[in-house]
Amino acid sequence: MSNPVNNIVVFVCNWDGLSCVEAASQKGLRYPPTVRIIRVSCLSRVHSGLILKAFELGADGVMLLGCEQGNCHYEKDAGLLEQEYHKTQSVLELLGFQKEQLELARMSRGDGAGFVKQVTHFISGVEQSQAPVSQ
């Protein structure tokens, strides 16, 4: 049995990531009310300190939702986002979190249905990672 997830933070880039959230809203697609959207100019601006702070403040999971590889509006990505993501995952594991509690998602502009599917799948993974281990 999985535990309910009460707080999911999604950092979205101002461009493709946000357009996915807006498209979902415009199409009337729903995702759980436990999801908190935080808009940033570019995911390259989100560093491990911000992600760790989200967990410190009670997030059960954090998703980074940004542009497809190679389509960064600011052309800043160049692998830096992946490096920061993997570094943060390592720190979280040292702190006792599961790797399923942090996810990097890259989506095409305006993919509202894809966003809802991705965030729902992410929440399921977080719930399963927090399930007590049966003996």
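Residue selection: Ala78 satisfies the criterion of being at pLDDT below 95 and more than 22 Å from Asn6 (Cβ to Cβ). When Lys27 is tested against (1) modelled with pLDDT of 95 or more; (2) surrounded by 13 or more Cβ atoms within 10 Å (Cβ to Cβ); (3) more than 16 Å from the chain's Cα centre (by Cα), just one condition goes unmet, and that condition is (2).
Checking each residue in the range 91-103 for being within 24 Å of Thr120 (Cα to Cα) and either of a type outside the set (D, E, K, R) or in contact (Cβ under 8 Å) with a residue 40 or more places away in the chain (or both) picks out Leu92, Gly96, Phe97, Gln98, Gln101, Leu102, Glu103. Could you tell me whether the range 6-21 includes any residue that is crowded, with 21+ Cβ neighbours inside 10 Å and among the aromatic types (Phe, Trp, Tyr)? Yes, the range 6-21 contains a residue that is crowded, with 21+ Cβ neighbours inside 10 Å and among the aromatic types (Phe, Trp, Tyr).
Out of all the residues in the range 44-62, is one or more out of contact with any Gly (no Cβ under 8 Å at 6 or more places or on another chain), under 26 Å from Gln26 (Cα atoms) and among the hydrophobic types (A, V, I, L, M, F, W, C)? Within the range 44-62, one or more residues are out of contact with any Gly (no Cβ under 8 Å at 6 or more places or on another chain), under 26 Å from Gln26 (Cα atoms) and among the hydrophobic types (A, V, I, L, M, F, W, C). For the range 66-103, residues that are surrounded by 17 or more Cβ atoms within 10 Å (Cβ to Cβ) and aliphatic (A, V, I, L, M) total 3.
Looking at the range 64-76, which of its residues are within 23 Å of His121 (Cβ to Cβ) and touching a Ser or Thr at 6+ places or on another chain (Cβ under 8 Å)? Correct list: Glu68 only. All of Val21, Val62 fail the test of being within 18 Å of Phe115 (Cα to Cα) and not in a helix (DSSP H, G or I), apart from Val62.
Within the range 6-17, residues that are in a helix (DSSP H, G or I) sit with their Cβ atoms under 9 Å from residues that are polar (S, T, N, Q), at 6+ positions apart or across chains, in these pairs: Asp16/Asn71; Asp16/Ser108. Note on the range 24-59: residues that are touching a residue at least 12 places away in the same chain (Cβ under 8 Å), out of contact with any Ser or Thr (no Cβ under 7 Å at 6 or more places or on another chain) and part of a loop (DSSP other than H, G, I, E, B) total 11. Against the numbered list (1) within 12 Å of the chain's Cα centre (by Cα); (2) assigned to a helix (DSSP H, G or I); (3) of a type in the set (D, E, K, R), Arg106 comes up short only at (2). Scanning the range 41-53 for residues that are at pLDDT 95 or above, in contact with a strand residue (DSSP E or B) (Cβ under 8 Å, 6 or more places away or on another chain) and surrounded by fewer than 21 Cβ atoms within 10 Å (Cβ to Cβ) yields a total of 1. Here Ser48, Ser44 are screened, and the one residue that is farther than 21 Å from Gly125 by Cβ and among the small types (Gly, Ala, Ser) is Ser44.
The values are calculated or read from the model by the stated rules, or taken from the named source; none is laboratory data. None of these values were measured; they are calculated from a predicted model. Note: ideal-geometry Cβ built from the backbone for every residue, glycine included; neighbour counts use all protein chains shown.
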